[in-house]
Amino acid sequence: MFCPFCRHPDSRVVDSRTSDDGTSIRRRRQCPNCGRRFSTTETASLNVVKRNGVLEPFSRDKIISGVRKACQGRPVTDGDLAVLAQKVEESVRASGASQLEANDIGLAILPPLRDLDEVAYLRFASVYQAFDSLEDFEASIGQLREEHASRPRPSRSVDE
Ligand SMILES: [Zn+2]
C-alpha cells in the first residue's frame with residue numbers, strides 16, 4: 001500500500017471499519033515516512049491459498065474442524081472452539097492481507113490454541129509443524145515450561 005503523497009511503500013493502519021453490508025473494510029492509514037493520513041477501501045473477502053495452489057474462501061468452520069481433532073478428549077467446548085476461530089480470523093484480518101497461505105492460518109491458530117489447552121496445542125503443533133522426533137516435543141514442552149515459570153497462570157477450574 002503506497003502512500004499517495006510520498007509513495008512510501010509502507011503504511012500503518014490507524015483505524016478499520018467494516019461497511020454495513022460487511023463486504024468491505026475502510027481503513028485509515030498513516031504513512032510512517034511523511035506522517036500524512038489517507039483512507040483505503042478493501043473488500044473484506046479473505047482467501048486462503050491451499051498447498052495445491054487452489055484459492056478457497058477463509059472459513060471459521062474449517063479452522064474448527066482442523067482444531068477439533070487435536071482437542072479430542074480434552075475439556076474444550078464447542079464455544080471455546082468458536083471463540084478460537086474468531087480470534088484466528090481477527091488476527092489474520094489484522095494483517096490487512098486479502099490472501100493468505102495455508103501456513104499463515106496454521107501459525108495464527110497456535111497462540112490461541114496454546115492459551116486454550118496446552119495438550120491440544122502440542123498435538124496440533126506436532127502435526128502442523130511436522131514434529132518428527134522426541135526432541136521436537138521436548139523443545140515445545142520446554143518452551144511451555146519456561147512460559148509457565150515466567151508467567152504463572154491459575155489452572156482452569158473443572159466446572160468452567
Ligand atoms: Zn508518505
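The values are calculated or read from the model by the stated rules, or taken from the named source; none is laboratory data. Quick caveat, the model's predicted, so the values are computed rather than measured. FYI the Cβ positions are ideal-geometry reconstructions off the backbone, even for glycines, and counts take in every protein chain you see. Surface areas here come from the heavy atoms of the whole protein model, side chains and all, with no ligands, DNA or RNA. Shrake-Rupley method; radii C 1.70, N 1.55, O 1.52, S 1.80 Å.
Structure notes:
- Unique residue being at pLDDT 90 or above and closer than 30 Å to Met1 by Cβ when the list is Arg51, Arg37: Arg37
- Restricting attention to the range 122-136, the residues that are within 20 Å of Arg74 (Cβ to Cβ) and either modelled with pLDDT under 85 or not small (Gly, Ala, Ser) (or both) total 7.
- Here Cys31 meets each of (1) within 16 Å of the ligand (Cβ to nearest atom); (2) out of contact with any Asp or Glu (no Cβ under 9 Å at 6 or more places or on another chain); (3) open to solvent by less than 60 Å² (accessible area, probe 1.4 Å) with one exception, condition (2).
- Within the range 18-34, the set of residues being modelled with pLDDT of 85 or more and of a type in the set (D, E, K, R) comprises Arg27, Arg28, Arg29.
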